[in-house]
1. In the list 384, 427, which residue meets the criterion of being open to solvent by less than 50 Å² (accessible area, probe 1.4 Å), free of Cβ contacts under 8 Å to residues at least 24 places away in the same chain, under 24 Å from the mean Cα position of the chain (by Cα) and not assigned by the TED database to the domain that holds residue 545?
2. Need the failing condition index for residue 542 against (1) open to solvent by 30 Å² or more (accessible area, probe 1.4 Å); (2) in a loop (DSSP other than H, G, I, E, B), just the number.
3. Restricting attention to segment 116-129, which residues are crowded, with 20+ Cβ neighbours inside 10 Å and over 22 Å from the mean Cα position of the chain (by Cα)?
4. Given the conditions (1) open to solvent by 10 Å² or more (accessible area, probe 1.4 Å); (2) farther than 27 Å from residue 96 by Cα; (3) in a strand (DSSP E or B), and given that residue 183 satisfies all but one, which numbered condition is not satisfied?
5. Does residue 503 qualify as being part of a helix (DSSP H, G or I) and outside the structural domain of residue 440 (by the TED database)?
6. Condition first: surrounded by 17 or more Cβ atoms within 10 Å (Cβ to Cβ) and either under 22 Å from residue 467 (Cβ atoms) or in contact with a Ser or Thr (Cβ under 7 Å, 6 or more places away or on another chain) (or both). Now tell me which residues in segment 503-526 satisfy that.
7. Pick out, from segment 267-336, the strands (runs of 3 or more DSSP E) lying fully within it that include 2 or more residues that are over 30 Å from residue 400 (Cα atoms) and modelled with pLDDT under 95.
8. Pick from segment 486-502 the residues that are open to solvent by 50 Å² or more (accessible area, probe 1.4 Å) and not polar (S, T, N, Q): which of them is modelled with the highest pLDDT?
Amino acid sequence: MAAPVLRWGCPGTRWVLAGVGGGVRHRRGASIGSTPNPTREQSTVAQKPLHTAQNPRKGEHKWAAVVGLEIHAQISSNSKLFSGSQVCFAAPPNSLVSFFDASLPGTLPVLNRRCVEAAVMTGLALNCHINKKSSFDRKHYFYADLPAGYQITQQRLPIAANGSLAYSVCVGKKRGQLVSKRVRIKQIQLEQDSGKSLHDDLRAQTLIDLNRAGVGLLEVVLEPDLSCGEEAAAVVRELQLILQTLGTSQANMAEGQLRVDANISVHHPGEPLGIRTEVKNLNSIRFLAKAIDYEIQRQINELEAGGKILNETRSFDCKLGCTVPMRDKEGKQDYRFMPEPNLPPLVLYDSTTLPAGADSQQVINIDQIRDMLPELPSVTREQLVQQYGLLPEHSFTLLNEVGLLEFFQNVIKETRAEPKKVASWVLNTFLGYLKQQNLTVSESPVTPSALAELLDLLERKAISSSVAKQVFQELWRGQGKTAAQIVSEQKLDLLQDPAALEQLCLATMEEHPQVVVDVKKGNPRAINKLIGLVRKATLSRADPALIKDILEKRLWS
């Protein structure tokens, strides 16, 4: 039996989350993670939203959907889980493969300390119980991208179990109200990734790239507490934020660093749970929500048409927007789980059980890792609400968009404008321009300093709100000019001479006597029309509040 040695693997450089598109095509072999568990299929969960094929008529039964997720996150480490091979995305095929990765006879696994620490830190952040003793198992199946014929995982005794994850979904007619929910976490386990199969249909051949074989994964298994695609998407996004905050995974779905398998079934409330299908290898949050909602509706339509649901594995075709069969599970594969003979049990310690004189390089202290936990996204959101008086939904948006919170905080530091006004500009105007041109925050031509200067001009009433938006548009063009320079060159500043503004108001009243009559008759819209006419005459360079004051004095004097 191999000695209990831990190998160091420093986390690599963290990457900015890119847009999600197509992902890594996974193997066609056995499913990842746990074997099908009958007790999980029949677990009792509180049913929340109900799905129907259409608006139910009188006497018709509603349907309840049950969704469970298995999430695979690639651990941020420079080397693989059991070998010293480097981990690097898009490296030349088969250029990062050690003898152990290729499963040459006589090679033995050496556990990566960094991966263990990442698993413990993730478990603590997800409110899990950390098992001080966990073990590794072999999961046997045969496929070309798994050269050993088995995968090393933690089926029986995982490193963490019995946790929970809080998340929020939008409800209401305008989707403006946030409702907090919680999903239970069954377990978190360490396991190896497989290689990558590249299918060349033109030449009718499959090529194997083992660069990914042996890369460390965290498998997070959720209890079936979800009921729709929106909830699943919210859970995965929240987990993605937590992993990125911890630094335990870059969780870049576009690079296959976060992949999701969804188990879905439908049933009538009060009746036994239905037969489930598994939709595998979902590598986009948007496609995850679409796949689950489609599969729920497909099962409902099938059952209402008198058909039956097969216990099968399906994939999501993003072009067609539907799930398609991959293989059925009628003949369930026997993975022949057995203890991994070349790895002893993984023993962790806390401050009370740490042996005296223990080598800190050879043991892992749970309490020490707990003390290193950073501020989690949920705490950051609460602080944003309390410190700046933001709405909860605004705090979610600031965190969900990569780099947006840092941009907002930098603007706050450099402007005298109220935080709520800053948030409004960042979330509406700034984010709107980003979305319109499909840019990330780091690619924005408008810097926090530039926006802060613009907001200062608006705060001291040097420009109007409409002019501020016009100046922002000029800033977005990236011509290297400051907000003050744009205002000065285009003469967009507000009129500061009260006498000149009063003359404009009098002239407008003389040119539109009927509007003046309407105002005096008590028409509330007429005064706004006069204000608009004055602003038009000043090319929007006058403060509407000041115009109103002058008009009211003249009208009723």
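1. Being open to solvent by less than 50 Å² (accessible area, probe 1.4 Å), free of Cβ contacts under 8 Å to residues at least 24 places away in the same chain, under 24 Å from the mean Cα position of the chain (by Cα) and not assigned by the TED database to the domain that holds residue 545 holds for just one of 384, 427, which is 384.
2. Result: residue 542 passes all but (1).
3. 116, 117
4. The failed condition is (1).
5. Yes; evaluated as a whole, the condition is true for this residue.
6. If the condition is that a residue be surrounded by 17 or more Cβ atoms within 10 Å (Cβ to Cβ) and either under 22 Å from residue 467 (Cβ atoms) or in contact with a Ser or Thr (Cβ under 7 Å, 6 or more places away or on another chain) (or both), then 504, 505, 508 are the ones that fit.
7. 312-317, 322-328
8. Filtering segment 486-502 for residues that are open to solvent by 50 Å² or more (accessible area, probe 1.4 Å) and not polar (S, T, N, Q), the one modelled with the highest pLDDT comes out as 489.
The values are calculated or read from the model by the stated rules, or taken from the named source; none is laboratory data. Given the structure is predicted, the values throughout are model-derived calculations rather than measurements. Please note: Cβ atoms are built from the backbone with ideal geometry, for glycine as well, and neighbour counts cover all protein chains shown. Heavy atoms of the whole protein, side chains included, go into the accessibility calculation; ligands, DNA and RNA do not. Shrake-Rupley method; radii C 1.70, N 1.55, O 1.52, S 1.80 Å.
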